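Chemist: Structure incoming, see below.
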Amino acid sequence: MQQNKISDLIAAIAGKPVDIGADESLFESGLLDSFALTDLVSKLEQEFGIRIPDGDLNPRKFETIDKIAEYVEARI
Amino acid sequence: MPWIRGFGKHLPERIVTNTEMARLLSVEEAWITQMSGIATRRFAAAGESVASMAAAAGREALLTSGVEANELGLILVASGSAERRFPGPAVEVQQLLAAPQALALDLPMPSAGTLFALVQAALWAPSRGPVLVIGAEKISPLLLAEPLEPGTAMLFGDGAGACVVDPRGGLARILDWELGTDGTGAGELKLELQGPIRMNGRSVILHAARKVPAAITTLLERQRRPATDIAVYLMHQANANLIAKIAQSLGIAPESFFSNISLYGNTSAASLLIAAAEWPGPWRGPIVMAAFGAGFQWGALLLEGEC
């Protein structure tokens with residue numbers, strides 16, 4: 001399970017601890033804005049050694065920690 | 001390949017500050033600045049149109065280029081905010097400039113439309129002679145249409161930019177380009193016949209921050225030019241934060257990217273050539289123009305300045 005590592009990445013990008021549930025929206029919580037999302041996608045590629053194709057650049061895929069973990073695990 | 005010979009611009013007189021926009025949109029003034037880097041934008045007067053602003057910018061471009069209207073072989077007008085379905089503004093510009101010999105062609109494309117028009121001009125100029133490329137937008141009447149979208153409405157302004165592409169010589173030679181289209185983004189940024197502009201900002205920024213650096217990198221690798229050797233990057237002025245993000249992706253200092261978005265906001269198709277008209281130069285060495293917009297459509301253009 002990658003939730004903890006993903007949560008650490010988000011905290012580093014947001015500059016504050018991730019204090020929401022894994023199924024809550026990172027956007028609605030204010031942890032990620034449009035520009036931080038671009039950083040997160042790059043970090044996911046670097047940290048997990050995956051390539052996120054343009055066809056997957058859909059913000060809804062990265063809305064919650066659970067969705068991100070599911071996506072990453074499918075591509076590792 | 002032909003040259004870009006000279007630039008022109010037209011900006012409406014009315015300056016709209018963030019104070020006024022914040023009041024109109026019921027948001028915090030500081031939020032507009034923080035999210036966009038925009039301080040002011042221009043709104044066109046009731047009597048101004050896409051065509052009238054386009055013609056004003058075109059006249060200035062002809063003047064700075066030393067080209068007469070009766071020498072033009074083609075007029076290209078990119079706009080996402082033309083006031084009617086047809087005819088588009090290009091034919092009006094032909095009349096306003098008194099250039100009856102010139103073909104007139106519209107590109108109903110905002111934002112990246114001008115970059116695509118420049119490529120069209122480079123292809124047409126060898127056979128048609130000088131080409132007048134114009135990007136012009138009158139978006140302000142649509143911004144405040146209901147339902148209000150403050151995050152989108154705060155971004156935009158009106159204006160026009162222009163340049164002459166000439167097969168005989170000029171400031172900078174057009175060397176190469178890299179263009180892209182991804183129709184899966186068609187619903188993410190759109191303007192129906194009745195406004196307002198609808199934008200999924202997260203999606204647009206996510207794709208722009210990836211696709212524009214990729215296009216620039218592909219172009220520069222093909223031309224064996226290091227990104228650090230580029231004299232200036234002239235971008236579609238969409239959002240100051242996005243420009244900074246693209247600079248970061250390329251590993252380039254943000255100072256290499258000319259920006260005037262704080263003054264005019266996002267003038268869509270007009271912004272690239274307004275920026276080029278205002279960049280103080282010199283037009284020497286390799287120069288990159290780049291843009292991203294609705295569609296999605298995007299690209300980069302490499303010039304070699306010869307002044």
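The values are calculated or read from the model by the stated rules, or taken from the named source; none is laboratory data. Because the structure is predicted, anything quoted here is derived from the model rather than measured. We place every Cβ from the backbone using ideal geometry, glycine too, and count neighbours over all the protein chains shown. Surface areas here come from the heavy atoms of the whole protein model, side chains and all, with no ligands, DNA or RNA. Shrake-Rupley method; radii C 1.70, N 1.55, O 1.52, S 1.80 Å.
Chemist: For A:SER7, state whether it is of a type in the set (Ser, Thr, Tyr) and within 14 Å of another protein chain (Cβ to nearest Cβ).
Modeler: On the way: of a type in the set (Ser, Thr, Tyr): yes; within 14 Å of another protein chain (Cβ to nearest Cβ): no.
For A:SER7, the condition - of a type in the set (Ser, Thr, Tyr) and within 14 Å of another protein chain (Cβ to nearest Cβ) - is not met.
Chemist: When you look at B:GLY183, is it free of Cβ contacts under 8 Å to residues at least 60 places away in the same chain and either within 14 Å of chain A (Cβ to nearest Cβ) or closer than 27 Å to B:GLY159 by Cα (or both), yes or no? Can you show your working first?
Modeler: Numbers: free of Cβ contacts under 8 Å to residues at least 60 places away in the same chain: no; either within 14 Å of chain A (Cβ to nearest Cβ) or closer than 27 Å to B:GLY159 by Cα (or both): yes.
For B:GLY183, the condition - free of Cβ contacts under 8 Å to residues at least 60 places away in the same chain and either within 14 Å of chain A (Cβ to nearest Cβ) or closer than 27 Å to B:GLY159 by Cα (or both) - is not met.
Chemist: Six or more apart or on different chains, Cβ under 6 Å: which pairs go from a residue in the stretch A:26-41 that's at the interface with chain B (Cβ under 10 Å from one of its Cβ atoms) and in a loop (DSSP other than H, G, I, E, B) to one that's open to solvent by less than 40 Å² (accessible area, probe 1.4 Å) and among the aliphatic types (A, V, I, L, M)? Could you list them?
Modeler: Final answer for the pair search is A:LEU32/A:LEU26.
Chemist: Here is a further query. Here are B:MET35, B:MET53, B:MET1: which of them is buried (at least 23 other Cβ atoms within 10 Å of the Cβ) and either within 14 Å of another protein chain (Cβ to nearest Cβ) or not charged (D, E, K, R) (or both)?
Modeler: Working: B:MET35 fails: buried (at least 23 other Cβ atoms within 10 Å of the Cβ); B:MET1 fails: buried (at least 23 other Cβ atoms within 10 Å of the Cβ).
Going through B:MET35, B:MET53, B:MET1 in turn, just one is buried (at least 23 other Cβ atoms within 10 Å of the Cβ) and either within 14 Å of another protein chain (Cβ to nearest Cβ) or not charged (D, E, K, R) (or both): B:MET53.
Chemist: Could you check, for the stretch A:47-59, whether at least one of its residues is within 14 Å of chain B (Cβ to nearest Cβ), more than 9 Å from the chain's Cα centre (by Cα), among the hydrophobic types (A, V, I, L, M, F, W, C) and open to solvent by less than 20 Å² (accessible area, probe 1.4 Å)? Lay out the reasoning, then the answer.
Modeler: Within the stretch A:47-59, the first condition is being within 14 Å of chain B (Cβ to nearest Cβ), and the residues that meet it are A:51-59.
Restricting the remaining residues to those that are more than 9 Å from the chain's Cα centre (by Cα) gives A:51-59.
Restricting the remaining residues to those that are among the hydrophobic types (A, V, I, L, M, F, W, C) gives A:52, A:57.
Cutting the leftovers down to open to solvent by less than 20 Å² (accessible area, probe 1.4 Å) gives us A:52, A:57.
Checked the stretch A:47-59: at least one residue is within 14 Å of chain B (Cβ to nearest Cβ), more than 9 Å from the chain's Cα centre (by Cα), among the hydrophobic types (A, V, I, L, M, F, W, C) and open to solvent by less than 20 Å² (accessible area, probe 1.4 Å).
Chemist: While we're on this one: Can you tell me how many residues within the stretch B:70-91 are in a helix (DSSP H, G or I) and open to solvent by 70 Å² or more (accessible area, probe 1.4 Å)?
Modeler: Residues of the stretch B:70-91 in a helix (DSSP H, G or I): B:70-71, B:89-91.
Imposing the further condition that a residue be open to solvent by 70 Å² or more (accessible area, probe 1.4 Å) reduces the set to B:70.
Total satisfying the criteria: 1.
Chemist: Is the stretch A:13-21 home to any residue that is more than 14 Å from chain B (Cβ to nearest Cβ), surrounded by 12 or more Cβ atoms within 10 Å (Cβ to Cβ), within 12 Å of the chain's Cα centre (by Cα) and touching a residue at least 24 places away in the same chain (Cβ under 8 Å)?
Modeler: Within the stretch A:13-21, the first condition is being more than 14 Å from chain B (Cβ to nearest Cβ), and the residues that meet it are A:14-21.
Add one more test, that the residue is surrounded by 12 or more Cβ atoms within 10 Å (Cβ to Cβ), and what stays is A:14, A:18, A:20.
Pick out the ones that are also within 12 Å of the chain's Cα centre (by Cα) and you get A:14, A:18.
From what is left, the residues that are touching a residue at least 24 places away in the same chain (Cβ under 8 Å) are A:18.
Within the stretch A:13-21 (the criterion being more than 14 Å from chain B (Cβ to nearest Cβ), surrounded by 12 or more Cβ atoms within 10 Å (Cβ to Cβ), within 12 Å of the chain's Cα centre (by Cα) and touching a residue at least 24 places away in the same chain (Cβ under 8 Å)), the answer is yes, since at least one residue qualifies.
Chemist: OK, next. Does at least one position in the stretch B:186-205 carry a residue that is open to solvent by 30 Å² or more (accessible area, probe 1.4 Å), of a type in the set (Asp, Glu) and within 14 Å of another protein chain (Cβ to nearest Cβ)?
Modeler: First, pick out the residues of the stretch B:186-205 that are open to solvent by 30 Å² or more (accessible area, probe 1.4 Å): B:186-188, B:190-194, B:198-200, B:202.
Still in the list and also of a type in the set (Asp, Glu): B:188, B:192.
Applying the additional criterion that residues be within 14 Å of another protein chain (Cβ to nearest Cβ) yields B:188.
Among the residues of the stretch B:186-205, at least one is open to solvent by 30 Å² or more (accessible area, probe 1.4 Å), of a type in the set (Asp, Glu) and within 14 Å of another protein chain (Cβ to nearest Cβ), which makes the answer yes.
Chemist: Only one of these is in contact with a helix residue (DSSP H, G or I) (Cβ under 9 Å, 6 or more places away or on another chain), open to solvent by 30 Å² or more (accessible area, probe 1.4 Å) and charged (D, E, K, R): B:GLU255, B:GLU221, B:GLU304. Name it. So that I can check it myself, show each step before the final result.
Modeler: Working: B:GLU221 fails: in contact with a helix residue (DSSP H, G or I) (Cβ under 9 Å, 6 or more places away or on another chain); B:GLU304 fails: in contact with a helix residue (DSSP H, G or I) (Cβ under 9 Å, 6 or more places away or on another chain).
Unique residue meeting the criteria: B:GLU255.
Chemist: Follow-up question, since we're still on this one. Do you know which residues across the stretch B:9-32 are open to solvent by less than 30 Å² (accessible area, probe 1.4 Å) and in contact with a Leu (Cβ under 7 Å, 6 or more places away or on another chain)?
Modeler: Selection gives B:LEU25 alone.
Chemist: Yes or no: the stretch B:160-174 includes at least one residue that is open to solvent by 20 Å² or more (accessible area, probe 1.4 Å), assigned to a strand (DSSP E or B), more than 14 Å from every other protein chain (Cβ to nearest Cβ) and not small (Gly, Ala, Ser).
Modeler: Step one: of the stretch B:160-174, the residues open to solvent by 20 Å² or more (accessible area, probe 1.4 Å) are B:167-168, B:170-171, B:173.
Those still in the list that are assigned to a strand (DSSP E or B) too: B:173.
Filter again for more than 14 Å from every other protein chain (Cβ to nearest Cβ), leaving B:173.
Of the ones still in play, those that are also not small (Gly, Ala, Ser) are B:173.
Yes: one or more hits.
Chemist: Right, next: Of the conditions (1) within 29 Å of B:SER127 (Cα to Cα); (2) assigned to a helix (DSSP H, G or I); (3) of a type in the set (Val, Ile, Thr), B:VAL67 satisfies every one except a single condition; which number is it?
Modeler: (2)
Chemist: Give just the number: which of (1) touching a Gly at 6+ places or on another chain (Cβ under 6 Å); (2) open to solvent by 40 Å² or more (accessible area, probe 1.4 Å); (3) at pLDDT below 95 does B:LEU144 not satisfy?
Modeler: (1)
Chemist: Can you tell which of B:SER36, B:SER49, B:SER26, B:SER79 is at pLDDT below 95, of a type outside the set (Asp, Glu) and under 19 Å from the mean Cα position of the chain (by Cα)? It would help to see each step written out before you state the result.
Modeler: On the way: B:SER49 fails: at pLDDT below 95; B:SER26 fails: under 19 Å from the mean Cα position of the chain (by Cα); B:SER79 fails: at pLDDT below 95.
Result of the check over B:SER36, B:SER49, B:SER26, B:SER79: B:SER36.
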